[in-house]
Structures are given as C-alpha cells and as structure tokens.
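Below is one structure, written out as structure tokens; the observations come after it.
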Amino acid sequence: MTKRIVVTGIGATSALGGTAPDNWKNLLDGVSGARSLEYDWVEKYNLPVTFAAEASVRPSEVLPRHEAKRLDPSTQFALIAAREAWADAGEPDVAPERLGVDFATGIGGVWTLLDAWDALREKGPRRVMPLTVPMLMPNAAAGNLSLQFGARAFASTAVSACASSTESILNAYEHLQQGLADVVIAGGAESAIHPITIASFASAQALSRRNDDPEHASRPGSIDRDGFVMGEGAAVLVLETEEHAKARGAHIYAYLVGGGVTADSYHITGNDPEGAGAARAVERALAVAGASPDDVTHINAHATSTPVGDPNEYVALKKVFDDRIDEIPVSATKASTGHLLGGTGAIEAVYTILALRDRVAPPTINLTEQDPEVPFKLSGEPQPLGDGPQLAISNSFGFGGHNAVIAFASYDD
C-alpha cells in the first residue's frame, strides 16, 4: 500500500539568509547572494574567479566554538539547517528506532582534508588532528545528525555530485514507503568555496568570470551567460507519513509525491545534449506521483547558467511537456543563491515547497536578453501560480551523468 508522505519542517541557510524564512523573503525580493571574496588566498593563488555566493550567516555566529571545531564547515551548515527544520516540525515525538536520516553532499569535508594536508606538510604528522577522518568523510553530516537527534533507524548518505540532495530526499521517500521509519530528516549541505575547487571549476570553463560584477554573474537563460557561481549552505526537510503527522497534529507544508533517478552514461561532466536521461527522470517522477505532464504547474529548473547546460535542460523538458513547456512558470533560483553543488537540490526543494504554499514562482534575477534556445517561461518578477491543486517538480543534474527529479503537491487541509 502506498503511503502519503508529507513535509512538516524546513530549514535552510545560504547566501540569501540564515533561516528558511529569510531565504524565501530575499529570494522573492530578487536579492543576489554573490559577492567578492575577501580572503588573502584569492590574491595569493591568483585565482581567475574572485567571487562566490558565501552563506550570509557564518556558522561561527550560530554554533558554539567547542561544537564547531569538531565539525567541517559542510557539517556545521547541515546541523544549523537541521535544527531549524526539527524545531519547525515541532520536535516530533518519535521513537529513535523509527527516526532516520538521509543526507547528502557532493564533495564533503574539503576544508578539513586540505587543512590537514597543509598541517602534515608544514608541521608533521603529530599536528594532524585525530578527528580529521571523521570530519572529512562524506557521511559526517548524516552521522552527526543521527547523534544530534537520536536517529537509530538509519543514517545514510547520497553522493551524486549536484544531484546528491535530491537523491537523499527521494531515498527518504522510499524509506518511509518501505516502513523503515515514521520520520526522516533529509537534505544536503556543501561548503566548498575553496581555492582548489574554484581553480578546478575555472580551469574547466564552468564558472562565470564577471569578477567586476558578482551580483549579476549568474544569469540562467540569458544569452550572455558565461558559467555558474559557487554557492554554499544547507537545507533540510523533515518528512513523515501523513498518518504520523496528523496523529501528532503537525503543520503540513506539502506532499512529497515521488521522484525519478536516472543516469546519462554519456560523459563524466557533460550532460546528454539529447536530454534522454533527464527526460526519463521527469517521466519517472510523474509516474510515481500518478500524474501527467498536464498536471505540472511549476518547475524549479536546475539551470546553472552555463552555456551548454541550460539549453540541454530545455531540450529534455521539451521531450516531456512538448509545447506546454513554454507555458509553465519556471524558476531558476541559482541566479540568486549560486550553485550549492551537493546541497542545491535540498535548498531548491525548500523553495519549491514554499512556492506551492504561497502559490507563487520565485523570480529569476539577472535575466537580460533571453536565449532563444532556452525559451522557458522565466520572469524577473514572481509569477503567480493561480488557484486549484498545484504540482511542481524540481530538477537536479550532476557530474557523472546523474539525473534526479522530485515532485511535490500542494497540501490543502
């Protein structure tokens, strides 16, 4: 028997704010989170890209020092967002054996790893912290969230590049459907604004180089886009069966109605220009949701602002929606937040849920002249979604050919 899965708590921290409400307000207001990086290492390494979308509230402003020093920045962000989401859900009273964690990252503890390498080279092995491995491992966030909330059903980690946290949310959906838990904490985090990642992405010609105008650098769908902007942060959903949520009188944001995961098997960094794998992911998501393309009222596009990625996503969605794709309100929120890599699916899931709640598609800022090869229904202003039932999908595509699409439906109590 298929269970109905609902969202009862949300948390988010990013360049747009340290909480989910602040994120949502600034997203709707058209704020850009990109800014110049004020670090000595930018000049030291002569980086070709000198800006990013750093989280606006630093973990040091939220977490006690004794707690933060035992966690990589990516796990720090995860903990902040998870605490917000747990409180927002009313701190569910659930047996530890019925509470699970499905979390994600694309890169993990890069700061911990490379700081430890510097310590080893410069000061020797005795100066490498004993907690280095527990801090850098990709499952560090899942493990620490399990410890924080006493989750004993499972604590699993998805690592699928930029599709990671969408996959983690879909894993939570499946775990709840299988009856392995009553409540799951799901999401993703990333903190990889580091010289090595900036240099690497820049070398791959993936980053925008608008160093003199960071706020307008990410411009999905625009004909003059030149690459994505690195972002960081985390987002978390508290998911549970509708039966469990109603029994405890929880506030419900939306239904999580399904998703789809596929692989391109095309190229390690480039997505399939024919869009076949991405299209299949969308079709699977709709099939699991018991919906048709005609039911979709909003799309949060992956839309990274790269010259190749944006039109490829349009080709994929055109396969599913045909000409109707040009009529569906689409949001490309990375224009505001930058690209959170493994955390991007989770924060865009939060935005998709709030879009359904408030019946408004967030604006896509920095849209100059729209590329005729990317004729999504984008707007620099919020787009109303209208009355009646709403069904939205959020897309995530990652290096390695990973495609993950998640579907949410409006909840009317």
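Can you say whether residue 165 is at pLDDT 95 or above, touching a Gly at 6+ places or on another chain (Cβ under 8 Å), under 24 Å from residue 4 (Cβ atoms) and of a type outside the set (Asp, Glu), as far as the supplied structure shows?
yes
So which residues in segment 353-365 are surrounded by fewer than 24 Cβ atoms within 10 Å (Cβ to Cβ) and not hydrophobic (A, V, I, L, M, F, W, C)?
357, 358, 359, 363
Checking the structure you have, find out if any residue of segment 237-244 is more than 22 Å from residue 390 (Cβ to Cβ), in a loop (DSSP other than H, G, I, E, B), in the same structural domain as residue 109 (by TED's automatic domain parsing) and at pLDDT 95 or above.
Scanning segment 237-244, I find no residue that is more than 22 Å from residue 390 (Cβ to Cβ), in a loop (DSSP other than H, G, I, E, B), in the same structural domain as residue 109 (by TED's automatic domain parsing) and at pLDDT 95 or above, so the answer is no.
Scanning segment 98-126 for residues that are of a type in the set (Lys, Arg) and farther than 26 Å from residue 198 by Cβ, which turns out farthest from the chain's Cα centre (by Cα)?
Ranking the qualifying residues of segment 98-126, first place goes to 126.
Conditions (1) acidic (Asp, Glu); (2) assigned to a loop (DSSP other than H, G, I, E, B), marked per residue:
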residue	(1), (2)
375	no, yes
387	yes, yes
394	no, no
405	no, no
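So, in segment 297-349, how many residues would count as being hydrophobic (A, V, I, L, M, F, W, C) and crowded, with 24+ Cβ neighbours inside 10 Å?
13
Considering segment 25-53 alone, what residues qualify as being of a type in the set (D, E, K, R) and in contact with a strand residue (DSSP E or B) (Cβ under 7 Å, 6 or more places away or on another chain)?
If the condition is that a residue be of a type in the set (D, E, K, R) and in contact with a strand residue (DSSP E or B) (Cβ under 7 Å, 6 or more places away or on another chain), then 35 is the only one that fits.
Within segment 224-231, does at least one residue satisfy the condition of being surrounded by 24 or more Cβ atoms within 10 Å (Cβ to Cβ) and in a helix (DSSP H, G or I)?
no
Which number in (1) modelled with pLDDT of 95 or more; (2) over 19 Å from residue 202 (Cβ atoms) marks the one condition that residue 45 misses?
Among (1) modelled with pLDDT of 95 or more; (2) over 19 Å from residue 202 (Cβ atoms), residue 45 violates only (2).
Between 56, 32, 36, which is surrounded by fewer than 24 Cβ atoms within 10 Å (Cβ to Cβ), of a type in the set (S, T, N, Q), over 23 Å from residue 331 (Cα atoms) and assigned by TED's automatic domain parsing to the domain that holds residue 240?
Selected residue: 36, the only one of 56, 32, 36 that is surrounded by fewer than 24 Cβ atoms within 10 Å (Cβ to Cβ), of a type in the set (S, T, N, Q), over 23 Å from residue 331 (Cα atoms) and assigned by TED's automatic domain parsing to the domain that holds residue 240.
Within segment 59-79, count every residue that is surrounded by fewer than 14 Cβ atoms within 10 Å (Cβ to Cβ) and in contact with a Phe, Trp or Tyr (Cβ under 9 Å, 6 or more places away or on another chain).
Total meeting the criteria: 0.
Of everything in segment 253-282 that's among the polar types (S, T, N, Q) and in a loop (DSSP other than H, G, I, E, B), which residue is farthest from the chain's Cα centre (by Cα)?
Taking the candidates together, the pick is 265.
Give the residue that is farthest from residue 226 (Cα to Cα), with candidates limited to residues of segment 37-82 that are of a type in the set (Asp, Glu) and assigned to a loop (DSSP other than H, G, I, E, B).
72
Does any residue in segment 83-106 that is surrounded by 24 or more Cβ atoms within 10 Å (Cβ to Cβ) and assigned to a strand (DSSP E or B) come within less than 7 Å, Cβ to Cβ, of a residue that is charged (D, E, K, R) and at pLDDT 95 or above six or more places away or on a different chain, and which pairs are these?
Pairs found: 104/167.
Can you find a residue that is buried (at least 18 other Cβ atoms within 10 Å of the Cβ), touching a residue at least 40 places away in the same chain (Cβ under 8 Å) and touching a Pro at 6+ places or on another chain (Cβ under 9 Å) anywhere in segment 386-395?
Within segment 386-395, none of the residues are buried (at least 18 other Cβ atoms within 10 Å of the Cβ), touching a residue at least 40 places away in the same chain (Cβ under 8 Å) and touching a Pro at 6+ places or on another chain (Cβ under 9 Å).
Filter segment 283-296 down to the residues that are surrounded by fewer than 21 Cβ atoms within 10 Å (Cβ to Cβ) and within 20 Å of residue 410 (Cβ to Cβ), then identify the one that is nearest to the chain's Cα centre (by Cα).
Once the filter is applied, the top-ranked residue is 288.
Looking at 156, 200 in this structure, which one is part of a strand (DSSP E or B) and more than 13 Å from the chain's Cα centre (by Cα)?
Just a single option satisfies the conditions, and that option is 156.
Which numbered condition trips up residue 51, out of (1) under 29 Å from residue 248 (Cα atoms); (2) surrounded by 24 or more Cβ atoms within 10 Å (Cβ to Cβ); (3) not basic (Lys, Arg)?
Of everything listed in (1) under 29 Å from residue 248 (Cα atoms); (2) surrounded by 24 or more Cβ atoms within 10 Å (Cβ to Cβ); (3) not basic (Lys, Arg), residue 51 misses just condition (1).
Of all residues in segment 283-322, count the ones that are in contact (Cβ under 8 Å) with a residue 24 or more places away in the chain, more than 25 Å from residue 227 (Cβ to Cβ) and outside any strand (DSSP E or B).
The qualifying residues number 18.
The values are calculated or read from the model by the stated rules, or taken from the named source; none is laboratory data. Keep in mind that what you see is a predicted model, and the values were worked out from it rather than measured. All Cβ positions, even for glycine, are placed from backbone atoms using ideal geometry, and neighbour counts span all protein chains on display.
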